[in-house]
Amino acid sequence: MDNSLSRSKASVKVELVSKNEAMTLWLTEVTRFKETGFWPLLVDPKHAFHLRDGENTGDSDSAEEILSLSASINPSELRTRLMSENQLDEDEIYDAAAYLSARETKPKLLNQSISGLTVPHVLSDQSVGLALIKTATPYEVFAQVAFGGWNSVPADEELIALFRDYYMRFGAVPVSVSSDTIELWVTRPIEEPEVACLVAQELYSFCPDIVEQGTETVQALAQSLLNARVWFFWWD
């Protein structure tokens with residue numbers, strides 16, 4: 001690691017590392033998580049102020065308060081509310097299910113190894129921030145990351161509730177955060193077209209830009225989720 005950076009608090013440590021070694025270091029820290037209690041997260045060094053570290057970041061709630069709020073949120077009820085606020089076209093939902101179900105063969109499950117994971121493309125600089133965040137579970141890092149609550153982005157406690165659910169269902173864990181993106185690594189990828197359709201609708205409900213300014217249709221998003229190891233979220 002390059003020790004020229006950085007901030008180090010009891011619950012958050014940030015080091016500036018070379019982009020070339022960022023994923024190797026991230027993987028190393030993932031394997032050490034049960035031992036250290038620190039989950040690694042790649043961050044844009046230009047936007048490290050998004051990390052709560054006990055300093056005045058402009059956030060009214062502490063990490064402990066965010067976690068307390070998230071514990072009371074039922075992710076299924078939250079998704080129901082979000083999906084009602086972003087109504088999908090019924091024909092598009094049906095067509096997506098029909099299209100995926102009609103595939104002649106199921107795509108082969110991708111390699112279980114995460115050694116092929118690359119530095120997220122949004123972190124384009126030669127140096128990347130490697131944040132080590134004290135947390136009980138990977139998805140709870142968003143109690144320390146002051147990311148949510150702007151435009152259509154759910155509040156931080158809602159993000160934790162949603163990502164908790166995807167962690168339980170698909171083993172999804174956070175890899176990176178920039179000023180307007182989040183990437184999750186999925187350890188148990190979706191193999192069934194029907195599940196891909198359901199999850200595509202769920203993701204669209206709280207991150208509409210990945211469809212409206214990305215895949216263009218929920219059908220295309222559903223297809224991209226089949227056996228995908230990385231889920232990408234972007235809010236404009």
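The values are calculated or read from the model by the stated rules, or taken from the named source; none is laboratory data. Model, not experiment: these values are computed from the prediction. Please note: Cβ atoms are built from the backbone with ideal geometry, for glycine as well, and neighbour counts cover all protein chains shown.
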Tell me which residues, restricted to segment 185-236, are among the charged types (D, E, K, R) and more than 17 Å from Tyr167 (Cα to Cα). Glu192, Glu194, Asp209, Glu212, Glu216, Asp236
Among Leu51, Leu82, Leu41, the single one that is under 28 Å from Asn227 (Cβ atoms) and either among the charged types (D, E, K, R) or at pLDDT below 90 (or both) is Leu82
What residue, among those in segment 2-20 that are closer than 13 Å to Pro45 by Cβ and at pLDDT below 50, is farthest from the chain's Cα centre (by Cα)? Ser4
Those residues that are acidic (Asp, Glu), in contact with a helix residue (DSSP H, G or I) (Cβ under 8 Å, 6 or more places away or on another chain) and farther than 17 Å from Ile73 by Cβ, I need them from segment 156-214; list them, please. Glu194
Any residue at all in segment 163-179 that is touching a Gly at 6+ places or on another chain (Cβ under 8 Å) and over 15 Å from Val141 (Cα atoms)? no
The residue that is surrounded by the most Cβ atoms within 10 Å (Cβ to Cβ), considering only those in segment 157-214 that are of a type in the set (S, T, N, Q) and part of a helix (DSSP H, G or I), is Ser205
Flagged in segment 215-228 as surrounded by 16 or more Cβ atoms within 10 Å (Cβ to Cβ), outside any helix (DSSP H, G or I) and of a type outside the set (A, V, I, L, M, F, W, C), in numbering order, are Thr217
